[in-house]
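The values are calculated or read from the model by the stated rules, or taken from the named source; none is laboratory data. Predicted model only: the values in this text are computed from it and were never measured. Cβ placement follows ideal geometry from the backbone for every residue including glycine, while neighbour counts extend to all protein chains displayed.
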Amino acid sequence: MTTQPVRPVSDAPSGSATPITLEFVRDHPRVKAYIRMADAALEQIGYTEHGERHVSLVSRIAFNVLTRMGRPARECELAAIAGLLHDIGNAVNRDHHAQTGATMAMQILNEFGMQDMEVLQVIAAIGNHHENDGDPVNPIAAAVILADKSDVHRTRVRNPDMIKFDIHDRVNYAVEKSFLNVDEKAKQITLELTLDPKISNAMEYFEIFMTRMLASRKAAKFLGASFGLSVNGNRLV
Ligand SMILES: [Fe+2]
Ligand SMILES: [Fe+2]
């Protein structure tokens, strides 16, 4: 019987000496395919848009949140990478997509040659981004949670005919503008929504997004800030 050679386990972290950049991850055809197929699966089960638009936005907002909060540049870039990959688990199943996506991202980033300690931070963020079963376990996770929960917008609704029947579609469709305002001096992170009251209202927003708000508050607190919500210029929280 032949025995398989065992790969030596090194104490030194694996990965290439050159950091894996956001551009490299973003432009890689495998990443693009995973993002596309995750969104295609969600389209089949009637979910709002979770594709390139959503993940690129989450990537940018997560980067901006940490930058504004004065975090190190590489940490900001890792948050952008985590934002880009955070929803790929939906390509497998909506349930537990955060955790599935984290293990998928681990494989991808390992193959790209990212350092172990960086991979670990990114996958912790991805595995914790969902409001029902996630926590801000590190600054990158906190940034991705805040960014992900801030993407409520009309453009996410795939079929506007459904807004009468589906509260998620209706609330998303009502939002004409959403902006996550980070005031680093006041240590205040505010989600500012412009919502068409003829379509939906703040009450419906609270009805479906209460857990998201609580997750955002926890994430802001982790970064040393408080979280607020304003709708049509009125501060509600
Ligand atoms: Fe998600
Ligand atoms: Fe998401």
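What the table below lists for this structure:
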| quantity | calculated |
| --- | --- |
| Criterion (under 17 Å from Leu57 (Cβ atoms) and of a type in the set (Phe, Trp, Tyr)) met by exactly one of Phe206, Phe179 | Phe179 |
| Checklist (1) under 23 Å from Arg71 (Cα atoms); (2) out of contact with any strand residue (DSSP E or B) (no Cβ under 9 Å at 6 or more places or on another chain); (3) in a loop (DSSP other than H, G, I, E, B) applied to Ile145, failing item | (3) |
| Residue list for the range 208-237, restricted to those being assigned to a helix (DSSP H, G or I) and basic (Lys, Arg) | Arg212, Arg217, Lys218, Lys221 |
| Residues (crowded, with 23+ Cβ neighbours inside 10 Å, of a type outside the set (Val, Ile, Thr) and in a helix (DSSP H, G or I)) located in the range 122-138 | Ala125, Gly127 |
| Criterion violated by Gly101 - all others in (1) touching an Asp or Glu at 6+ places or on another chain (Cβ under 8 Å); (2) away from ligand 2 (no atom under 12 Å from the Cβ); (3) more than 27 Å from Leu193 (Cα to Cα) satisfied | (2) |
| Qualifying residues in the range 97-121 (those that are among the aliphatic types (A, V, I, L, M) and more than 16 Å from ligand 1 (Cβ to nearest atom)) - the one surrounded by the fewest Cβ atoms within 10 Å (Cβ to Cβ) | Met117 |
| Qualifying residue in the range 191-201 (condition: aliphatic (A, V, I, L, M) and in a helix (DSSP H, G or I)) | no |
| Unique residue being of a type in the set (D, E, K, R) and within 16 Å of ligand 2 (Cβ to nearest atom) when the list is Asp133, Asp166 | Asp133 |
| Residue match in the range 166-173 (condition: of a type in the set (A, V, I, L, M, F, W, C) and over 16 Å from Thr48 (Cβ atoms)) | no |
| From Asn93, Asn181, residue being within 25 Å of Arg36 (Cα to Cα), at pLDDT 95 or above and surrounded by fewer than 20 Cβ atoms within 10 Å (Cβ to Cβ) | Asn93 |
| Top-ranked residue in the range 59-96 [being assigned to a helix (DSSP H, G or I) and among the β-branched types (Val, Ile, Thr); ranked as farthest from ligand 1 (Cβ to nearest atom)] | Thr67 |
| Close pairs (9 angstrom Cβ cut-off, 6 or more residues apart or separate chains): in a helix (DSSP H, G or I) in the range 109-121, surrounded by 16 or more Cβ atoms within 10 Å (Cβ to Cβ) and at pLDDT below 95 anywhere | Leu109/Gly15; Asn110/Gly15; Phe112/Gly15; Asp116/Gly15; Met117/Gly15; Glu118/Gly15; Val119/Gly15 |
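Here is a yes/no grid of residues against (1) in a loop (DSSP other than H, G, I, E, B); (2) acidic (Asp, Glu); (3) within 12 Å of ligand 1 (Cβ to nearest atom):
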residue: Ala17; (1), (2), (3): yes, no, no
residue: Glu23; (1), (2), (3): no, yes, no
residue: Arg26; (1), (2), (3): no, no, no
residue: Ala33; (1), (2), (3): no, no, no
residue: Gly46; (1), (2), (3): yes, no, no
residue: Leu57; (1), (2), (3): no, no, no
